[in-house]
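One structure is given below, encoded as structure tokens.
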Amino acid sequence: MILATCVLGACSQEETSTSSSVSQENTVEFAESNYHLRDKDLLYQEDPQSVKTLYLTIKSGVESENTNHTWEEINTYSAYDYEKWGVPRYQVAAILQAGDDSGPLAGQVGYNETVPNATVQVRGQTSSRNQQKNYKIKLKKNKGSWQGQRTLNLNKHQTDGLRFRNKLAYDLIRGIPQIMGLRTQFVHLYVKDENGSEPDKFVDYGLYTQVEQLNGAGLKAHGLDSNAQLYKVNFFEFLPYEEVIKPENDPNFDKQAFEKLLEIKGDHDHRKLIEMLQAVNDLDQPIEQTLDTYFDRENLTYWLAFQILIGNTDTQSRNVYLYSPQNSQRWYFIPWDHDSAFFKKEYEIEQFAGKTSWESGISNYWGNRLFQRALKSEEFRKELDDAIQDLRAKLTPDYLSQEVAKYQATVQPYVTKEPD
């Protein structure tokens, strides 16, 4: 199997236990005890190769909710179109139901619903240009949840011939205690567009991967602080960005410019972020001191080791969350999106040039101020090497070959027929 010899890493993490905080002007001082993050194993009881079935019925929406659009529009425009127009992404009103391949089932979310219980929009950035779209489905308040989640991220992975790289990466993380993971689920999706040409027919949309949304509810589910600072990194290299990253009460604060760098997913007090960036960019302060004060070296080294080993190169400036709990000044990396992982062996077999040499290994992160400074530290390089060797010992070619065979058996019935 192409993938088996490519995968060499994974990670997962442990809960913070912090104590008092004292604010002095713009600097916050903390006393911390056990600051490593650890995930909740009980969240991962589902068979990772199982497939759940979901049904979407597209209904007519209303302008006040931005749902007065058609399913055709949702599947026509990309994220870049919305950016060009300066408007929010179009949504449609829908009924979300869970069931099996025979139809929605009693006792499951949405059963017997006749009015919309959810909204749907296209998700992703580059992938939104693909013919087959990824979808973000949000269940309305008081309309139940699906597997304890109200926001569903359905990823098609059209450009991934295997269709399971991202899920495999997340599932590998489950077995390693140094990085926080997220729940994933294979989903078979059917869609009925009541405003389309076949208003009474559910159309088979094939196989998707559902990835848990990291928001307040997601943080709480994993035993983390739901009121924490949380940012989704869009393009961010730990530079000062002083003209953009400001407190929100600054008269020159521009949220749109801010969120081109970091999407605000948690608390809106950015003082901790600013303080950390000042320290990272203070070349007079030893980087070892900065790492000890503002980060968890275990988290940082295992996250980086994992990305390097699986070849997930699109992580030098995006595709990660930054998390900092209350009463702590530490920042943690939580993985997000492994679409560019596990391609090395496939490229070799296909004799495709693929990624350039500088994208492999630590050189890929040289433009990131935090990692550039950290990698100049002999102490940090030793810790990173130890993390890499630890992961390589756990994720052996034999183990990975066995896992890949399981995923292949799951996706094979879908990828060998339409629409996949």
Number of positions in region 402-411 that are farther than 13 Å from His188 by Cα, out of contact with any helix residue (DSSP H, G or I) (no Cβ under 9 Å at 6 or more places or on another chain) and surrounded by 11 or more Cβ atoms within 10 Å (Cβ to Cβ): 1
Count - residues of region 39-92 that are under 30 Å from Glu403 (Cα atoms), at pLDDT below 95 and not in a loop (DSSP other than H, G, I, E, B): 3
Test: Asp250 is over 28 Å from Gly144 (Cα atoms), without any contact (Cβ under 8 Å) to a residue 40 or more places away in the chain and either in a loop (DSSP other than H, G, I, E, B) or out of contact with any Asp or Glu (no Cβ under 9 Å at 6 or more places or on another chain) (or both): yes
Test: residue in region 124-141 that is under 23 Å from Asn215 (Cα atoms), among the small types (Gly, Ala, Ser) and touching a Leu at 6+ places or on another chain (Cβ under 8 Å): no
Residue, surrounded by the most Cβ atoms within 10 Å (Cβ to Cβ), within region 339-389, restricted to residues that are modelled with pLDDT of 95 or more and acidic (Asp, Glu): Glu383
Hits in region 42-65 (condition: free of Cβ contacts under 8 Å to residues at least 40 places away in the same chain and of a type outside the set (Asp, Glu)): Leu42, Gln45, Val62, Ser64
Candidates Ser226, Ser197 - the one that is in contact with a helix residue (DSSP H, G or I) (Cβ under 8 Å, 6 or more places away or on another chain), under 30 Å from Thr67 (Cβ atoms) and not in a strand (DSSP E or B): Ser226
Within region 65-117, tally of residues that are in contact with a Phe, Trp or Tyr (Cβ under 6 Å, 6 or more places away or on another chain) and among the polar types (S, T, N, Q): 1
Condition met for Tyr111 (part of a strand (DSSP E or B), within 27 Å of Ala221 (Cα to Cα) and either among the hydroxyl-bearing types (Ser, Thr, Tyr) or modelled with pLDDT under 95 (or both)): no
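The values are calculated or read from the model by the stated rules, or taken from the named source; none is laboratory data. The structure displayed is predicted, hence computed values, not measured ones. Cβ sites come from the backbone with ideal geometry, for glycine too, and all protein chains shown count toward neighbours.
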